[in-house]
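First the structure, in the form of structure tokens, and then the observations on it.
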Amino acid sequence: MADSSSSAPASGEAAKTAPKPQNPAMRMMGLPNFRFKLPSRNWMIFLSITGSFTAALVYDRREKRRAQQKWCDLVAHLSKESLPIEETRRKLTVFLAAPPGDGLRNARDHFKEYVKPILVAAALDYNVIEGRREGDVRAAYAEHIRKQRRRAGEASTVVEETTKEDIVAEARKSIGVRDEPGPKGDLVIGRHTWKEYIRGLHEGWLGPIDPPPVPEEPPVVEVPEVPAPAEGNADAPSPDKPEEKKEEEKKPEKPKGPTPAYITPVDYSSQSLPPSIPQTLDGSTPISFPHLLGFLNTPIRIYRYLNQRYVADSVGRDVAAAVLASYVRPYSEFESSIDPNDSNAIQPSATGVYEQQTQLEHEEKDWHKSVHKPDETNPEREREWASDIVLDPRIASRMQRYFLSSEEEARAQRIDQGIEYILGEERPPTVPFWQRMWIKYGYGEDPELAGKKPILGNIDGEDA
């Protein structure tokens, strides 16, 4: 009796652990006996995390491409327009500078990824003003404005150097080639570049056209020192036999910093406007440039990495508004067609705060802490990034910004829905994914028929 009772549990355990017999069809095909089962707890955690991250990344990149394609299609009709043979394409000016605490490559990548595709879709030309250090964009833009003032006839003692661009411009002018008529514009990428842009704009129009005189320093008289001969050394140099000096190898000079400012913000009100300044300046558009550094900010950086579709949509809207240039308004005025709750239409208050001062202000929180620290080595050096934006009312009232009109916003929505592609051309809505798969595998060419009944028989159309 004891033996029978002890053998019963052993046979039950053997029956539970015995593998399930393999399917004969699978065995004849030479396939192993697969045992499908749920993964372990650790594998479930790993697959859930990696799968969720991958799904979020794939979805974001798809929506990002969709947003970029929407704004590219919105301006694509400009590339279809023909120009006379004696006109050159309209040109925009792009300002970009290295973000605080980082190099210029990040700014260039941001421009190539979000801004350049829309300019290329519209077949527009552009000129880029770059800055590797703080103050480079300010100095370059101020000199560009001073050059315009000299060409307009203002007296100057500075002799300009002839560049390749000047030679090409003179050659085009001699053969009768002119620029395409229409408004131009400036695309300023990032809050730090926007500050330098405003600073260079005021320096160019309100500052002197010639560089200010540099204070002369008293000359320093250097007395050559003759080394004393060492005792017991016959080869030591003496005053009667000077040693021949070897020519020192000339080392390349280090790149100097930007040109010092010709004028300070304190002197804006005391300067008079030049006669060549226009009544309205070219429109400008500040472009968002989110850039965050630091290991402790990794969660925020991951969130932004998975939400690039919002940046693509915001930047695409601003760039498309500058490309179309169909609706422009002054910064300091309120238009009835603009939502009063819109943060991009802030009114100047009684304290003298202009709308230009609030553009992209949230980006300063992401700047590296070294920007906000005072410069102990040179406390008198002007810092465009750390200083507040100071505006002269005469310059601020002439500045304008591009916006999309309500008609263009509606057309962008139709393009996003797949109803309209290029201005004046319509197409049917996008075919769903499951219908595209049926068409691909031979279930018919008509999406409506493919969704109702499949075609049986030979896909090539031959009789079965």
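The values are calculated or read from the model by the stated rules, or taken from the named source; none is laboratory data. All of these numbers come straight from a predicted model, not from anything done at the bench. Here the Cβ positions follow ideal geometry from the backbone for every residue, glycine too, while neighbour counts run over all protein chains shown. Please note that ligands, DNA and RNA were not included when accessible areas were found on the heavy atoms of the full protein model with its side chains. Shrake-Rupley method; radii C 1.70, N 1.55, O 1.52, S 1.80 Å.
Odds and ends about this structure:
- Each part gets one Cα centre, and for the stretch 17-39 versus the stretch 119-166 those centres are 75 Å apart.
- Counted residue by residue at 0.36 nm each, then reduced by the alpha carbon distance between them, the extension gain from residue 164 to residue 112 reaches 16.2 nm.
- If you plug the beta carbon distance of residue 125 and residue 40 into 1/(1 + (r/R0)^6) with R0 = 60 Å, you get a FRET efficiency near 0.50.
- Averaged over residues, the count of other Cβ atoms within 10 Å places the peptides 49-62, 29-42 in the sequence 49-62, 29-42, highest first.
- Residue 405 contributes an accessible area of around 30 Å² to the protein surface, as traced by a 1.4 Å probe with all chains present.
- Calculated FRET value between residue 383 and residue 59, using beta carbons and R₀ = 41 Å, to 0.05: 0.50
- Extension gain for residue 66-residue 271 works out to 68.9 nm (0.36 nm per residue, less the C-alpha to C-alpha distance).
- Taking all protein chains as they are arranged and a probe of 1.4 Å, the heavy atoms of residue 318 leave approximately 30 Å² accessible to solvent.
- Full-extension gain in nm, residue 23 to residue 259, via 0.36 nm per residue minus C-alpha separation: 76.7 nm
- Judged by the gyration tensor of its Cα atoms, with axes a ≥ b ≥ c, the stretch 83-144 is oblate; a/c meets the 1.5 cut and b/c is at least as large as a/b.
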